[in-house]
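Quick notes on the structure that follows.
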Amino acid sequence: MSAPAHTRSPQDRGAQARLPWWGVALPVIAFAVLFLVVLHPAEAHAATGDPAVGDFMGRLKDTLLFRVP
């Protein structure tokens, strides 16, 4: 008894990677939450540091949100 041969269709070319919806959603949510924490350093009570970092983050926020000072 012979086994059927597997033939490749044109759609089978290249690497195929299928991610579940949460494989994309969770990293996006985590990035957004961490970015919001960085944008609001006043709410982080234990955070003390160089004011230059805060100034840089403020300018970055203004640039990303297209605000003119």
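Here are a few things to note about the model shown:
- Across the stretch 24-38, the qualifying residues are those that are of a type outside the set (Val, Ile, Thr) and closer than 19 Å to Leu65 by Cβ, and the one among them that is most open to solvent (accessible area, probe 1.4 Å) is Phe31.
- Filtering the stretch 42-69 to residues that are in a helix (DSSP H, G or I) and either at pLDDT below 65 or of a type in the set (A, V, I, L, M, F, W, C) (or both) leaves Ala42, Glu43, Ala52, Val53, Phe56, Met57, Leu60, Leu64.
The values are calculated or read from the model by the stated rules, or taken from the named source; none is laboratory data. Please read these numbers as outputs of a predicted model, since none were measured by experiment. Backbone-built Cβ (ideal geometry, glycine too); neighbour counts: all protein chains shown. Protein only, heavy atoms only, side chains kept; ligands, DNA and RNA dropped before computing areas. Shrake-Rupley method; radii C 1.70, N 1.55, O 1.52, S 1.80 Å.
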